[in-house]
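A.B. asks: Below: one structure in structure tokens.
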Amino acid sequence: MQVIKKIEKLDYPNPVMTIGNFDGVHIGHQKIFDFVKRKAAEINGTSVVITFNPHPIKVLYKEHPLKLITTNEDKIKLIEKCGIDLTISIPFTYEFAQIEAEDFVKDILVEKFNVKWIVVGYDYRFGRARKGDRELLKKLGEIYGFKVTVLKAYKKGGKILSSTAVRNALFQGNIKEANQFLGRAYHVDGEVIRGMGRGSSILGYPTANFVPEQEIIPKQGVYAVKVTIPNLKTFNGVANIGKNPTFGNTNMSYEVHIFDFKENLLGKIIRVHFIERIRDEKKFNSPEQLKENIARDIEFAKKIFKKNKTPLFLDF
């Protein structure tokens, strides 16, 4: 897949385009991409995804507490895995946001990108103050000679599948639902840092403490996870997100115990794939009680890995 990071004149046959932020690249987005690919194949065209970086809310509403599911780099990789021919990642600025809806279509989609077909979701809006909608898009399509398809909302488990739904599931610790919506295991990357050393010396379960790069960290608690280590492989493990209340900590920590692994990971970047939530973080009366509970967590996680099919991952 080719990636273009600016607005420029394109020379691709019959572009079939979809436009959006596509945070998370969840199953609903993937359904849109599949439709784009089918239409492109029908007219001997090019499948194109137009997205924005950074997310418009980050530029226009800086006080808004929006947290993104994926980094921009991961979003591009996920779009590529969907089999799209070309992704245009438009730098989103305040000045770009002032472009009127009709000008965006005429000056960019038509004159620059030579669009032949536009595929959007049911709630798509665009242009300055989001004044453009699907009806305007259809009207402009008749004027400039491109087709428009508006797809209905995609539902899973009775819920409309959206980036907001994925975020809510992650915030609630509902990893199984989030993963079902994403079509893969949600992951967090982080550099391994030096911890307090309690895992090995006190509890007998060494952990890798890491600093998450992603904006969304699942709800505090203990999780069955799979950990990918560059140039090695993916291992099973359990992760704890929280403050280690048994030891009276007040700062958040992120740590993972990797099964059957003894190498030093200090300074390395690891990828933690969340498979299923095991329990809330608890305060135990002693380190011995915590150690016993960790043993139970590990056994529970092993049962999860045995019964669950291997989920899809996004590789480094």
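The values are calculated or read from the model by the stated rules, or taken from the named source; none is laboratory data. Quantities reported herein were computed from a predicted structural model and do not represent experimental measurements. We place every Cβ from the backbone using ideal geometry, glycine too, and count neighbours over all the protein chains shown.
A.B. asks: Of the residues Val59, Val49, Val25, Val36, which is surrounded by fewer than 18 Cβ atoms within 10 Å (Cβ to Cβ) and of a type in the set (Val, Ile, Thr)?
C.D. replies: One residue alone meets the criteria, Val59.
A.B. asks: Can you tell me which of Lys303, Lys282 is loosely packed, with under 13 Cβ neighbours inside 10 Å, assigned by TED's automatic domain parsing to the domain that holds Val225, basic (Lys, Arg) and not in a strand (DSSP E or B)? If you could, list the steps in order and put the result at the bottom.
C.D. replies: Working: Lys282 fails: loosely packed, with under 13 Cβ neighbours inside 10 Å.
Step by step, each of Lys303, Lys282 is checked, and only Lys303 is loosely packed, with under 13 Cβ neighbours inside 10 Å, assigned by TED's automatic domain parsing to the domain that holds Val225, basic (Lys, Arg) and not in a strand (DSSP E or B).
A.B. asks: On to the next question. Tally time: how many residues in the range 152-192 are modelled with pLDDT under 95 and among the hydrophobic types (A, V, I, L, M, F, W, C)?
C.D. replies: Residues flagged as modelled with pLDDT under 95 and among the hydrophobic types (A, V, I, L, M, F, W, C) within the range 152-192 amount to 3.
A.B. asks: Give me the pairs, please: first residue somewhere in the range 76-97 and closer than 26 Å to Lys62 by Cβ and not assigned by TED's automatic domain parsing to the domain that holds Lys31, second residue anywhere and at pLDDT 95 or above and of a type outside the set (A, V, I, L, M), beta-carbon distance under 8 Å, and either six or more positions apart or on two chains.
C.D. replies: So the pair list comes out empty.
A.B. asks: Of everything in the range 166-187 that's in contact with a His (Cβ under 8 Å, 6 or more places away or on another chain) and of a type in the set (A, V, I, L, M), which residue is farthest from Val120 (Cα to Cα)?
C.D. replies: Here the answer is Ala185.
A.B. asks: Anything in the range 112-163 that is among the hydrophobic types (A, V, I, L, M, F, W, C) and within 16 Å of Glu100 (Cβ to Cβ)? List them, or say none.
C.D. replies: Our first condition is that a residue be among the hydrophobic types (A, V, I, L, M, F, W, C); within the range 112-163, this holds for 113, 115, 117-120, 126, 129, 136-137, 140, 143, 146, 148, 150-151, 153, 160-161.
The answer is Phe126, Ala129, Leu136, Leu137, Leu140, Ile143.
A.B. asks: What single numbered condition from (1) out of contact with any Leu (no Cβ under 6 Å at 6 or more places or on another chain); (2) surrounded by 15 or more Cβ atoms within 10 Å (Cβ to Cβ); (3) touching a residue at least 60 places away in the same chain (Cβ under 8 Å) fails to hold for Val115?
C.D. replies: Condition (1) is where Val115 drops out.
A.B. asks: Continuing with this model, one more query. Quick check: is even one residue across the range 22-33 assigned by TED's automatic domain parsing to the domain that holds Asp123, more than 22 Å from Leu314 (Cα to Cα) and either in contact with a strand residue (DSSP E or B) (Cβ under 6 Å, 6 or more places away or on another chain) or modelled with pLDDT of 95 or more (or both)?
C.D. replies: Checked the range 22-33: no residue is assigned by TED's automatic domain parsing to the domain that holds Asp123, more than 22 Å from Leu314 (Cα to Cα) and either in contact with a strand residue (DSSP E or B) (Cβ under 6 Å, 6 or more places away or on another chain) or modelled with pLDDT of 95 or more (or both).
A.B. asks: Can you work out which of the residues in the range 161-179 that are touching a residue at least 24 places away in the same chain (Cβ under 8 Å) and more than 28 Å from Ala301 (Cβ to Cβ) is farthest from the chain's Cα centre (by Cα)?
C.D. replies: Checking each candidate, the answer is Ser162.
A.B. asks: For the range 1-93, please list each of the strands (runs of 3 or more DSSP E) lying entirely inside it that holds at least 3 residues being β-branched (Val, Ile, Thr) and under 18 Å from the mean Cα position of the chain (by Cα).
C.D. replies: By residue number, 46-53.
A.B. asks: Scan the range 172-187 and give yes if some residue there is surrounded by fewer than 19 Cβ atoms within 10 Å (Cβ to Cβ) and among the hydroxyl-bearing types (Ser, Thr, Tyr), otherwise no.
C.D. replies: Checking the range 172-187: not a single residue is surrounded by fewer than 19 Cβ atoms within 10 Å (Cβ to Cβ) and among the hydroxyl-bearing types (Ser, Thr, Tyr).
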